[in-house]
Structure formats: structure tokens, C-alpha cells
Amino acid sequence: MTAGALVFSADTLVRFRAGRILIHTTSSPLPAFETEHPGLVAWLCQFGRPLQLSQALAGIPPADRADAMRVVDYLKRANVLVDADADVPAADDDIQTRTKQHLRLLARSLYEAACDLHGLGPHAERALAAQSGIGVERRLLAQLAAVDGLRRELAALRTDYLAGQLKSLGVGAEARDLSLHIGCGAGHLAGWINIDVYPAPLAMNVLWGLPFAAASVRRMFVSHLLEHLFFPADVRLFLSEAHRVLAPGGVVRVVVPDIEQCIEAYTGHDRTFFASRRETWTWWPENATRLEDFLAYAGVGPEPAYLFESHKYGYDFETLARVLADAGFLEVTRSAYMASAHEDLRVDDVSAVARAKYGDRHYSLFAEARRGTADHDHPRE
């Protein structure tokens with residue numbers, strides 16, 4: 001990279017409005033730069049790749065260079081043009097915090113825009129097209145293209161990202177007899193591969209697919225993960241992957257919120273049941289009604305800005321057993337806290353949520369299922 005070179009910031013936007021061209025970024029401290037001279041914009045396009053300002057100025061008449069310098073100075077102050085070799089000192093935790101904030105704002109903004117469009121109906125398309133020449137549909141397609149581009153770039157990062165983590169964990173492609181703890185949070189099991197979103201030892205999105213060979217896993221512990229996945233599509237996708245990587249005879253232990261117990265507490269007017277949640281979940285609202293408590297825990301009506309963290313579905317044993325059976329698991333059995341039939345799966349105590357109790361009862365539902373060993377043991381069609 002050439003020292004001292006300038007380049008457009010990765011979030012630079014170029015828009016057109018009423019015959020004028022606007023250039024800005026998503027976080028510019030100054031108003032968008034506006035011009036009606038496409039030749040100037042064509043000259044600026046050189047900075048799509050790192051370029052020395054002196055080289056760029058050498059390509060225009062001397063009489064125009066002062067004006068070009070003023071434009072470049074404004075774009076630098078607006079963070080549109082940045083030093084190509086500049087380091088941005090930011091800790092990973094700071095970046096992750098800001099990313100979550102941006103995603104929450106984006107999710108809430110998208111929801112509110114959708115509500116407005118449903119309310120305005122065809123008027124939105126007609127009015128915006130009359131104002132700017134571009135209606136709703138074309139703007140939505142532009143947003144879809146931008147998001148799709150980002151998704152493709154993110155998807156391209158997965159393979160190397162996962163390979164680097166697996167290498168640091170000493171897990172090679174030939175690894176067998178593995179133990180997976182999926183949805184580990186802060187509770188890690190020694191000798192297991194602990195998986196969750198960043199910053200877990202193996203940080204990933206489980207909907208990418210599990211990065212392990214078929215039949216390479218002997219045991220699997222999945223605590224308070226399923227309720228954070230959309231039912232049924234994402235849940236089925238994840239469980240089919242869990243079934244694929246489990247070796248014949250391998251066992252998965254699943255822990256989810258016990259929604260049947262919540263229903264009993266609601267119908268029985270057991271306010272103490274709901275109030276005691278705050279002993280584990282200190283952020284739980286103090287003045288929520290029983291219905292608010294129950295429906296939120298069951299995943300009804302999650303706030304768009306917190307959709308990733310929110311519950312999206314609730315399970316009783318009948319529903320959990322069916323979705324496990326649909327994924328191909330056999331012998332789905334109900335269990336209890338630290339009461340696995342398999343000694344090496346008595347690990348519930350590693351999960352603060354699985355440990356949470358109301359009196360002598362736990363809030364969670366515990367179940368286990370086995371992958372079949374015979375050729376005819378396969379998912380139901």
C-alpha cells in the first residue's frame with residue numbers, strides 16, 4: 001500500500017437528488033457533499049483504490065487544482081476520504097458493542113419503515129416518486145442489494161474463520177469422538193468444544209452448519225439455545241446438523257425453558273413463580289403482569305431491536321420430542337436436572353440458566369435423544 005494514499009471509506013454512499021450528486025458516509029460528521037458536475041465525481045472515483053493526492057491532481061488542469069483540493073479537504077473532514085494506511089485503534093469489545101447497537105437500530109428502523117409502508121399503501125410509492133423520481137420499490141431493491149452484498153462478503157469469511165479457531169483448539173478434520181457444548185455462554189466444559197456466538201472458544205452462528213465431519217461427535221449438550229432459533233425452519237436445520245455429526249449411538253442432551261410449567265403458573269395465579277425469575281435474570285421487569293411474563297418467556301412478540309437475544313418459541317416435552325424425532329433422533333426421553341442416564345452428560349450445573357430454580361423445581365425442561373445405529377434408523381420422511 002502506498003504511504004499517504006487516500007481512499008473512499010468503505011461506507012461511502014453516492015446518491016442522486018433533483019439533478020444533484022450527493023456523497024457522504026453513514027456516519028459523516030458533516031452534511032453530504034453536493035455537486036451538479038459529474039466530471040468532478042468521475043475524477044473523485046479514482047479514489048476507489050488507494051491513490052496519492054498528488055497523482056490525482058496531476059491529471060487535471062492547474063487552474064482546477066485549488067477547487068479540487070477544497071473538495072478533497074471537505075471529504076476528508078467528512079470521513080468520506082480516509083488515509084488508506086491509517087490504523088483504527090479499537091478494541092474488539094468496543095467494535096462488538098457498536099455493532100450490536102447498529103444492528104438493533106437497523107432492526108427497529110426496518111420494522112418501523114415496514115409499518116409505515118403498510119399504513120401508507122400505494123400513496124408512499126406515488127408520493128416519493130413525485131418528490132425524487134424514485135419510488136419505494138426501487139429504494140427497497142437498492143437496500144436489498146446492499147444487504148445481500150454484505151451477506152455474501154460475510155459468508156465468504158466463514159471457512160477461514162472457523163478453520164483458524166478449530167486449529168487453535170487442536171481440532172483437525174480427522175477428529176473423532178468429540179464432545180460439543182453448544183450454547184455455552186460463560187460456562188465452559190473442560191475437554192469439550194464450547195460453542196456460542198462471539199466471544200466463545202468456538203464462536204459461530206450454528207445456522208452455518210456444524211464444522212465437523214459426519215458421525216464425529218460422541219456426546220452433545222445443548223442448553224437454552226433452541227428457544228433463540230425460529231421454529232420450525234431454523235430449529236430443524238440445526239437439529240439435522242446435530243444428527244449428522246453425532247456418531248451412531250451418540251446422545252444429545254437438550255435443555256429449554258419449560259413452557260408447560262409457565263402455563264401452570266399462569267393459570268394457577270402463581271405470582272411468586274414469576275417474581276422469583278429476578279433471582280436469576282436480574283434485568284427482568286419488576287412490574288410485569290403474569291401474562292407479560294409468560295408470553296415473553298415463550299417467545300411471543302419479541303422486540304425487533306433485540307430479536308437475536310429474544311426467545312422466539314416455547315417448548316413442552318411433546319413438542320420438543322416431536323421436533324427431535326423429526327430430525328431423526330430415537331428414544332427421546334424426559335430427564336431432570338443433573339439426572340442424565342449417561343454419567344458424562346450430567347453437566348447441567350455448568351449452565352446458570354439450567355441451574356435456575358423456583359423452590360425445589362427448576363425452570364428448565366431436560367430431555368435426551370439418541371442417534372440410531374441401524375441402517376434403517378433415519379429421519380422420518
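The values are calculated or read from the model by the stated rules, or taken from the named source; none is laboratory data. In this text, all values refer to a predicted model and were calculated from it rather than measured experimentally. We place every Cβ from the backbone using ideal geometry, glycine too, and count neighbours over all the protein chains shown.
Can you tell me how many residues in segment 119-151 are polar (S, T, N, Q) and either touching a strand residue (DSSP E or B) at 6+ places or on another chain (Cβ under 8 Å) or closer than 18 Å to residue 107 by Cα (or both)?
Our first condition is that a residue be polar (S, T, N, Q); within segment 119-151, this holds for 131-132, 143.
Next, only the ones that are either touching a strand residue (DSSP E or B) at 6+ places or on another chain (Cβ under 8 Å) or closer than 18 Å to residue 107 by Cα (or both) stay: 132, 143.
Selection size over segment 119-151: 2.
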For segment 358-369, indicate whether the set of residues that are touching a Pro at 6+ places or on another chain (Cβ under 7 Å), assigned by TED's automatic domain parsing to the domain that holds residue 222 and farther than 23 Å from residue 238 by Cα is non-empty. yes
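Restricting attention to helices (runs of 4 or more DSSP H) lying wholly within segment 257-334, give those where 2 or more residues are surrounded by 15 or more Cβ atoms within 10 Å (Cβ to Cβ) and in contact (Cβ under 8 Å) with a residue 40 or more places away in the chain. I'd like the intermediate steps shown before the answer.
Numbers: elements: 259-267, 271-275, 290-297, 317-326.
Helices (runs of 4 or more DSSP H) meeting the threshold: 259-267, 317-326.
Mind telling me which of the residues 129, 113 ends up being of a type outside the set (Lys, Arg), farther than 28 Å from residue 193 by Cβ, surrounded by 12 or more Cβ atoms within 10 Å (Cβ to Cβ) and at pLDDT 90 or above? Explain how you work it out, then say what you get.
Working: 129 fails: at pLDDT 90 or above.
Selected residue: 113, the only one of 129, 113 that is of a type outside the set (Lys, Arg), farther than 28 Å from residue 193 by Cβ, surrounded by 12 or more Cβ atoms within 10 Å (Cβ to Cβ) and at pLDDT 90 or above.
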Name the single residue, out of those in segment 1-34 being loosely packed, with under 15 Cβ neighbours inside 10 Å and of a type in the set (Gly, Ala, Ser), that is nearest to residue 134 (Cα to Cα). 18
Filter result for residue 66 (within 21 Å of residue 13 (Cα to Cα) and out of contact with any Cys (no Cβ under 7 Å at 6 or more places or on another chain)): no
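Let's see how each residue does on (1) out of contact with any Gly (no Cβ under 8 Å at 6 or more places or on another chain); (2) on the phi > 0 side of the Ramachandran plot; (3) at pLDDT below 90:
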residue	(1), (2), (3)
239	yes, no, no
243	no, no, no
246	yes, no, no
252	yes, no, no
257	no, no, no
273	yes, no, yes
280	yes, no, yes
285	yes, no, yes
Looking across segment 66-87 at residues that are out of contact with any helix residue (DSSP H, G or I) (no Cβ under 9 Å at 6 or more places or on another chain) and either aromatic (Phe, Trp, Tyr) or without any contact (Cβ under 8 Å) to a residue 60 or more places away in the chain (or both), the single one that is nearest to residue 5 (Cα to Cα) is 86
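Mind counting the residues in segment 177-198 that are assigned to a loop (DSSP other than H, G, I, E, B), surrounded by 14 or more Cβ atoms within 10 Å (Cβ to Cβ) and not aromatic (Phe, Trp, Tyr)?
Of the residues in segment 177-198, the ones assigned to a loop (DSSP other than H, G, I, E, B) are 177, 183-192, 197-198.
If we keep only those that are surrounded by 14 or more Cβ atoms within 10 Å (Cβ to Cβ) as well, we get 183-185, 187-189, 192, 197.
Those left that are additionally not aromatic (Phe, Trp, Tyr): 183-185, 187-189, 197.
Count: 7.
Matching residues to (1) touching a helix residue (DSSP H, G or I) at 6+ places or on another chain (Cβ under 8 Å); (2) part of a loop (DSSP other than H, G, I, E, B):
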| position | (1), (2) |
| --- | --- |
| 200 | no, yes |
| 212 | yes, yes |
| 218 | no, no |
| 234 | yes, no |
| 239 | yes, no |
| 244 | no, no |
Tell me, please, whether a residue that is out of contact with any Asp or Glu (no Cβ under 8 Å at 6 or more places or on another chain) and either within 19 Å of residue 51 (Cα to Cα) or not in a helix (DSSP H, G or I) (or both) can be found in segment 108-129. yes
Which one of 323, 353, 347 is at pLDDT below 95, in the same structural domain as residue 259 (by TED's automatic domain parsing) and not charged (D, E, K, R)? 353
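Looking only at segment 166-178, decide whether some residue is within 22 Å of the chain's Cα centre (by Cα), over 20 Å from residue 239 (Cβ atoms) and touching a residue at least 60 places away in the same chain (Cβ under 8 Å). Steps first, answer last, please.
At the first step, the residues of segment 166-178 found to be within 22 Å of the chain's Cα centre (by Cα) are 166.
Right, trim to over 20 Å from residue 239 (Cβ atoms) and you get 166.
Then keep just the ones that are touching a residue at least 60 places away in the same chain (Cβ under 8 Å); that gives none.
Within segment 166-178, not a single residue is within 22 Å of the chain's Cα centre (by Cα), over 20 Å from residue 239 (Cβ atoms) and touching a residue at least 60 places away in the same chain (Cβ under 8 Å).
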For residue 342, only one of the following conditions fails: (1) touching a His at 6+ places or on another chain (Cβ under 7 Å); (2) surrounded by fewer than 18 Cβ atoms within 10 Å (Cβ to Cβ). What is its number? (1)
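Look at segment 141-176 and say how many of its residues are part of a loop (DSSP other than H, G, I, E, B) and of a type outside the set (D, E, K, R). Reasoning before the result, please.
Just the residues of segment 141-176 that are part of a loop (DSSP other than H, G, I, E, B), to begin with: 169-176.
Filter once more, keeping what is of a type outside the set (D, E, K, R): 169-173, 175.
The qualifying residues number 6.
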